1. Where in the stretch 51-96 are the helices (runs of 4 or more DSSP H), entirely inside, with at least 2 residues that are in contact with a helix residue (DSSP H, G or I) (Cβ under 8 Å, 6 or more places away or on another chain), within 12 Å of ASP41 (Cα to Cα) and hydrophobic (A, V, I, L, M, F, W, C)?
2. When you scan the stretch 55-65, how many residues do you find that are loosely packed, with under 15 Cβ neighbours inside 10 Å and at pLDDT 95 or above?
Amino acid sequence: MTAKAKVKTGEPEPSAQEAAGQAEVDRAEDSAGPRALAILDLNTASVADLNHLRGGGAIGRAIVAKRPYTSVEQLLSKRVLTRPVYEKIKDQVTVR
């Protein structure tokens, strides 16, 4: 058996300072807050877009079936969503 010899490529190995800097960047990415969410209009958004609302599940067809809306609160008054689901998605939708 032969041992592999370390081949120098001419590129310097990363310094301890660079490695520490990369570790700090990785930690910052992990601890970053939630990404910005797009606000969807209840009267114009597609079923697929509405189904992708965080915390909503497959709610797109129900929302589209009860259009038009004059306010987000109509999701409750028209009995489209339950209060727990409404509370999860209300900040992600609007009516223009």
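1. Numbers: elements: 60-65, 74-77, 83-89.
It comes to 60-65.
2. Taking the stretch 55-65 as the starting set, the residues that turn out to be loosely packed, with under 15 Cβ neighbours inside 10 Å are 55, 57-58, 61, 65.
If we keep only those that are at pLDDT 95 or above as well, we get 61, 65.
So the count comes out to 2.
The values are calculated or read from the model by the stated rules, or taken from the named source; none is laboratory data. What you are looking at is a predicted structure, and each value in this text was computed from that prediction instead of being measured. Cβ atoms come from the backbone with ideal geometry, glycine included; neighbour counts cover every protein chain shown.
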